[in-house]
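The values are calculated or read from the model by the stated rules, or taken from the named source; none is laboratory data. This is a predicted model, so every value here is computed, not measured. Neighbour counts run over all protein chains shown; Cβ positions are idealised from the backbone, glycine included.
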Amino acid sequence: MGTADVAARIREWQMGYEQLAKISMEQLTLLKSMSPEDQLWTRMQQLTEKKTATRVEIERIQKSLKSDLGTEEMKRLFQAEIQATAESARVLTTESAFKIETMMVSTGAELGSAKTQRKVFNAYSGMNSDDQISYYFDEKK
């Protein structure tokens with residue numbers, strides 16, 4: 001392979017990681033700015049699919065470069081040219097995962113609270129009662 005071809009693939013490799021970091025930042029920004037009632041999960045799915053496609057392309061380029069340059073040269077290039085961008089993408093992805101986990105815990109707590117409220121409501125007003133008369137009375141003796 002020619003030197004120009006290898007240089008072009010190295011640049012593609014770099015751009016792939018830059019794209020990965022950009023998508024990760026979009027996901028985090030989306031999670032911070034949108035509420036789950038909006039089109040949050042649809043947009044997150046789209047970004048995840050885009051991210052997966054980018055990863056597949058990066059892996060294809062890495063495999064090609066590795067066969068041409070060897071493992072040691074690939075490691076050197078990665079550390080010199082790509083590691084900072086890759087680390088940025090990793091940190092952003094970790095933050096996004098944490099934000100999603102936090103949202104899930106919050107949703108779980110809300111569901112638990114709704115379940116408790118339903119139990120209390122049913123205890124004091126009957127299971128499917130349309131009237132406003134309570135079946136149980138709290139009296140002080």
Where a residue in region 55-68 is basic (Lys, Arg) and its partner, wherever it lies, is assigned to a helix (DSSP H, G or I) and surrounded by 13 or more Cβ atoms within 10 Å (Cβ to Cβ), with Cβ under 8 Å and at least six apart: 55/20; 66/74
Checking residue 31 against (1) modelled with pLDDT under 90; (2) of a type in the set (A, V, I, L, M); (3) more than 21 Å from residue 106 (Cβ to Cβ), the condition it does not meet: (3)
Enumeration of residues in region 12-26 that are among the acidic types (Asp, Glu) and farther than 13 Å from residue 96 by Cα: 12, 18
Some residue of region 110-121 being closer than 22 Å to residue 44 by Cβ and either within 18 Å of the chain's Cα centre (by Cα) or modelled with pLDDT under 75 (or both): yes
Count of region 51-80 residues which are basic (Lys, Arg) and under 14 Å from residue 17 (Cβ atoms): 3
Restricting region 1-35 to residues that are under 14 Å from the mean Cα position of the chain (by Cα), of a type outside the set (A, V, I, L, M) and surrounded by 12 or more Cβ atoms within 10 Å (Cβ to Cβ), the residue that is farthest from residue 75 (Cα to Cα): 29
